[in-house]
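Asker: Pasting a structure below so you can have a look.
The values are calculated or read from the model by the stated rules, or taken from the named source; none is laboratory data. Quantities reported herein were computed from a predicted structural model and do not represent experimental measurements. Here the Cβ is made from the backbone with ideal geometry for all residues, glycine too, and neighbour counts use every protein chain on show. Areas reflect the complete protein model, heavy atoms only, side chains present, ligands, DNA and RNA absent. Shrake-Rupley method; radii C 1.70, N 1.55, O 1.52, S 1.80 Å.
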Amino acid sequence: MNLTLFILLAPLVGFVALGLFGRALPRAAISIIGCGTILVAFALAVADFVYLLGQPAQLREVDTSYGTWIHAGSLNITFGLLNDPLSAIMLLVVTGVGFLIHVYSIGYMEGDPGYWRFFSYMNFFVFAMALLVAADNFLFLLIGWAGVGLASFLLIGYWYTRPTAVAAARKAFVVNVIGDFGMMIAIFLLFDAGAGDLSYSRVLGLNSSAGAAQPLVITLAIPLLLFVAAVAKSAQLPLHVWLPDAMEGPTPVSALIHAATMVTAGVYLVARTHTLFQAQPDSLVVVAIVGGATAFFAATIACAQTDIKRILAYSTMSQLAYMFMGEAAGGFSSGIFHLVTHAFFKALLFMCAGAVIHALGGEQDIRKMGGLRGRLGNVFWLFVVSGLALAAIFPFAGFWSKDAVLGAVLARASETGAPGWYVLYAVGLATAIMTGFYIFRLIFVTFFGTYRGEPVSVGHGARATAGDPLAGVHMPGAAMMWPMYTLGLLSIVGGVIDLPGSGWLNGFLATTAPTAPELSAGLFWLSLGAGLICALAGIALAWARYGAGSVPAAEAHAFVTFLRRRWYVDDLYEMVIVRPLLALSRLLRTGVEDGVLDAGARGTGDAFDGLSEGLRGFQTGYLRNYVLTLFLGAIIVLVYFIAVSQ
C-alpha cells in the first residue's frame, strides 16, 4: 500500500482552492480548508506508517511509479513516490506537527487581512516538503527542494509592506539557491556516473565498488555537493545567515520552518543518501567538522541574543548541527531520532514565544518583558516543559535523542581512537551546557522578576494604568493552546520511540538510516551522566545570573557585544561579498549598461530622430514645392545617366 500520492494531493488541493477562491471565503471556511487538508494528509500518513509496521523489515519499501516524466537518450525519469521507513517517519512529522501549527495559526493570525493567503502558502509549504521526502528520485527531490525554498520566500516575506521582511525573504532565497546549485551539480555528476534514471534504487547503489571507475575527486565531490545543499537548507556554517533574519515572518511560519519543514530537509538528505557518504568517509569528516563548529557557534550567539525568536532561531541551528554530528559518526538513525523529538519541543517553543508576543502586542525583546508568570501561567509551564526537553533533562524527549547523538559520537571515537572524534564529543558537551543556559536565561528573563516594558494595551487601544502595566495581557484562546498542550505531552513522552534497550526507531529505520555501533555499558552510562550534568550546569548558571528575572548590567560587556553581533560574520559578509558586488553592479550598470548598451540604443534612436526631423522640413503641404522637388529630382537622374553614358 502506498497512499503517498494522496498525502501530496491533500495540501495541494488546499493551496489551489485557497489561492483561487480564498479571498471570497469566510474565515471559518478558510480555517476548515487550510487545516482540514493537512489533517487528511496526516491521517493518510498514519495509515501508510501502520501498513509498513505490519510488514517484515525486508518488505518495508513500496515504490510506486505513476508514469514516465522524461525520456531523452539514456535519461529516463519516472514520477514515482516512495513509502519506506524514512519517508514514513518524515511524513508523520511534516503533516502531524504541520497540522498542529495550522490550528495554532487560526488564533494567532486572527484579524490578519491576508488570512486566506497565509493558509494557502502554508498548505503549499507542507505540499513541497512532503514531495521532497516522498520522491523516489533526485529530480523530484530537487523539485520539492526548490518548492520548499519558494514557500519559505513567500512566508518569510508574508508581511510584504515591511522592508525588513522583504529583505529577509530575499536573503533566504538567495542563500538557498547556492545550495540548490550544489545539488544540481551533484545530480549531473550522478547522471554522468551512469545512473541514467536518477532513482534512489539505482543511484544509492553507486557505492565505492560500483563507482570505482570514477576518479576519486568525482566520487568525493558528489556527497560534498549534496552536503552543500544540506548546509544551505539547514542553516549551517557558512550558509547560516538567512535563518535568524527569517524571524521576520509570522511566528507560525517560524515554527513550521524550524520544526516540521525546511531546515530538517538537510538532515533528511544526508540520511537518505547515506550510502554515498559512507562510500567516501572523508565526506563524513567534513559533515562532522561543520556540525561541531555550527553547534558551538550558534549556541554561543544564542546566549547573548535579546530577541525571543532569534534565540530560538540560533537554538535551531545548534540542534540541527547535533543531528549532523550524529550522522557524521554513522548514527544516521540517531540524527533522525533527534529530528523527530526536536520537532515536538521546538514547535512548542515557538508557539510559546508567539503566545508571549501576541499577549504583549508584538513585543519581542526579552529585556522589555518580565513578571509574566502570573499572567501567562499555562504558557510559562509549557515553556518550561519545552525548555527542559531542549536542554535534554531526564526524562523529557530531548534527553533521549541528544544522548543518542552524543553516544554515536563517543562510539565512533572509542572505535577509531581518533582524537578528532573525542574533540567533537567535547564540543557536544560544551554545547549542552550553553543550551541549558540560553533557554533558561530566556525563561527567567521573560517570566520572572518584574515587568520592564511599556504598559500593554487593554482592548480598543486603551492603555493599562501605571499601577498595572500588564492589565491588557491575556491567555491565548483554545485554538492556540490545544496544539501547545499536545506538543507539551509529546515533549515529555516523545523519547519512548527509541529508549535505550528497546531501540524501536533504530530497528524500524535500519534499512534506510543505519545506526552507530553500540557503546559498552560503562561508556553508555558515562555519556548519559555527562550529558545530563552538563545540561543541569547550564541551567544552574542561568539561575545564578538571571533567576531574579533581571538583566545584569554586565551584559554590556565587549564579549557580549561580540556575540550579539554574531561573531561579526554578517559584517564580514557585508564587507567582503555584499559591498563589492554592489559596487561592481553599479559600475557595470553605469559603465556597460548606461555607457555602452543603452548609449548605443539611444544613439541609434537619436540618429533616426534627427533624420526624421530633417525630412519633416520637406513636408510643407504646398503642391508647387512637391512639383519643384520632382523636377529637380528628374534633372539629377537625367544628369546621372548622361554622365554614365559618356
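Asker: Considering every pair of different Cα atoms, what Kirkwood radius, in Å, is found for region 303-440?
Answerer: 15.7
Asker: Same structure again: Starting from the eigenvalues of the Cα gyration tensor, five times each then square-rooted, give me the equivalent ellipsoid semi-axes of region 1-64, largest first, whole Å.
Answerer: Equivalent ellipsoid semi-axes, largest first: 32, 11, 4 Å.
Asker: Per residue, how much space in cubic angstrom lies within the convex hull of the C-alpha atoms of the chain?
Answerer: 256
Asker: Using a 10 Å cut-off on Cβ atoms, rank the peptides 21-27, 279-285 from the highest mean neighbour count down.
Answerer: Packing proxy ranking, top to bottom: 279-285, 21-27.
Asker: When only Cα pairs under 8 Å and 6 or more residues apart are kept, what is the percent relative contact order across the chain?
Answerer: Value for the chain: 12 percent.
Asker: I'd like to compare 630-638, 151-159: which one has the highest average count of other Cβ atoms within 10 Å, and what's the full order after that?
Answerer: By packing density, highest mean first, the sequence is 151-159, 630-638.
Asker: Longer than 21 Å from Cα to Cα, which of 368/402; 171/368; 171/233; 233/346 are they? Say none if no pair is.
Answerer: Over 21 Å Cα-Cα: 368/402; 171/368.
Asker: Placing one identical point scatterer on every Cα of region 284-381 and ignoring solvent, what is log10 I(q)/I(0) from the Debye formula at q = 0.16, 0.18 Å⁻¹?
Answerer: Values, matching the q order: -0.74, -0.85.
Asker: With Kirkwood's inverse mean 1/r over C-alpha pairs for Rh, give me the Rg to Rh ratio of region 146-185, two decimals please.
Answerer: Rg/Rh for region 146-185 comes to 1.05.
Asker: Give me the angle, in degrees from 0 to 90, between the Cα long axis of helix 216-233 and the longest principal axis of the Cα atoms of the chain, rounded to the nearest 10.
Answerer: 80
Asker: Which one of 57, 121, 89 is farthest out on the positive end of the charge dipole of region 57-157, using unit charges on Cβ (Lys, Arg +1; Asp, Glu -1) and the Cα centre as origin?
Answerer: 121
Asker: What is the angle, in °, between the Cα long axis of helix 308-328 and the longest principal axis of the Cα atoms in the chain? Nearest 10 is fine, range 0 to 90.
Answerer: The answer is roughly 80 degrees.
Asker: If the label point is 7 Å along Cα→Cβ of residue 583, which residues in region 166-203 have backbone nitrogen under 17 Å from it?
Answerer: No residues fall inside that zone.
Asker: So, one more: What accessible area per residue, rounded to a whole number of Å², is obtained for the chain using a probe radius of 1.4 Å?
Answerer: That works out to 41 Å² for each residue.
Asker: Here's another thing I want to ask about it. Starting at the first residue of region 485-499, write each ³J(HN,Hα) from the Karplus equation 6.51 cos²θ - 1.76 cosθ + 1.60 with θ = phi - 60°, in whole Hz, x for Gly and Pro.
Answerer: Along region 485-499, the couplings run 4, 4, 5, x, 5, 5, 5, 7, 9, x, x, 5, 5, 8, 5 Hz.
Asker: Taking 56 Å as R0, compute the FRET efficiency from the Cβ-Cβ separation of residue 533 and residue 590 and round it to 0.05.
Answerer: The calculated FRET efficiency here is 0.35.
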